[in-house]
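One structure below.
The values are calculated or read from the model by the stated rules, or taken from the named source; none is laboratory data. Quantities reported herein were computed from a predicted structural model and do not represent experimental measurements. Using ideal geometry, Cβ is built from the backbone for each residue, glycine included, and neighbour counts are taken over all protein chains shown.
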């Protein structure tokens with residue numbers, strides 16, 4: 001593994017771990033009012049597109065990161081739909 | 001531009017646009033209780049690492065996406081620090 005791969009895997013680890021506190025917080029508090037449904041819906045589409053890009057470029061850090069992100073971000077969307085109440089200021 | 005580049009730019013666009021509703025929502029409502037500070041702090045570090053990875057791989061979609069993400073995610077962290085109150089269930 002060269003230094004570029006190493007940085008790729010560090011970057012992958014940070015982004016994969018990054019969404020876990022948000023997923024844990026919405027699961028634990030069941031409070032999702034300030035979490036944007038639009039953001040996580042778009043990010044799921046983004047994760048699918050990035051996964052496809054990673055496959056086409058044969059880039060493993062991109063593939064692994066975005067497959068994991070797809071599931072973590074989906075869990076946040078599920079919590080948002082389950083616990084959220086529509087609020088005039090929310091999108 | 002081949003189809004791989006096209007998918008890369010679509011993926012880039014989705015992730016860049018994805019965080020805007022969340023940034024807009026916290027800026028507009030000034031309500032950040034359910035937004036995880038840990039998530040956005042880690043994601044900023046992730047954006048820096050991905051940018052470096054993109055530079056080393058000479059991969060423009062990765063570089064552009066993560067430079068934009070750095071600024072959008074930083075704006076969310078600034079709002080969180082400015083408007084947030086510490087809550088026992090928050091991390």
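Within segment A:35-48, can one find any residue that is surrounded by fewer than 17 Cβ atoms within 10 Å (Cβ to Cβ) and under 21 Å from residue B:51 (Cβ atoms)? No, every residue in segment A:35-48 fails to be surrounded by fewer than 17 Cβ atoms within 10 Å (Cβ to Cβ) and under 21 Å from residue B:51 (Cβ atoms).
Scanning segment A:57-85 for residues that are surrounded by fewer than 16 Cβ atoms within 10 Å (Cβ to Cβ) and within 20 Å of residue B:2 (Cα to Cα) gives a single hit, A:58.
The set of residues in segment B:35-45 being part of a helix (DSSP H, G or I), facing chain A (nearest Cβ under 7 Å) and over 20 Å from residue A:8 (Cα atoms) consists of B:38 alone. With respect to the stated conditions, residue B:68 fails to be under 24 Å from residue A:76 (Cα atoms), modelled with pLDDT under 95 and at the interface with another protein chain (Cβ under 10 Å from one of its Cβ atoms).
For every residue, the table says whether it meets (1) in contact (Cβ under 8 Å) with a residue 12 or more places away in the chain; (2) farther than 23 Å from residue B:33 by Cα.
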site: A:7; (1), (2): no, yes
site: A:10; (1), (2): no, yes
site: A:25; (1), (2): no, no
site: A:30; (1), (2): yes, no
site: A:33; (1), (2): yes, no
site: A:52; (1), (2): no, yes
site: A:58; (1), (2): no, yes
site: A:65; (1), (2): yes, yes
site: A:71; (1), (2): no, yes
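Of the candidates A:48, A:62, the single residue that is at pLDDT 95 or above, within 16 Å of the chain's Cα centre (by Cα) and within 9 Å of chain B (Cβ to nearest Cβ) is A:48.
Can you tell which of B:15, B:32 is facing chain A (nearest Cβ under 7 Å), touching a helix residue (DSSP H, G or I) at 6+ places or on another chain (Cβ under 6 Å), buried (at least 16 other Cβ atoms within 10 Å of the Cβ) and not in a helix (DSSP H, G or I)? Steps first, answer last, please.
On the way: B:15 fails: not in a helix (DSSP H, G or I).
After ruling out the rest, the residue left standing is B:32.
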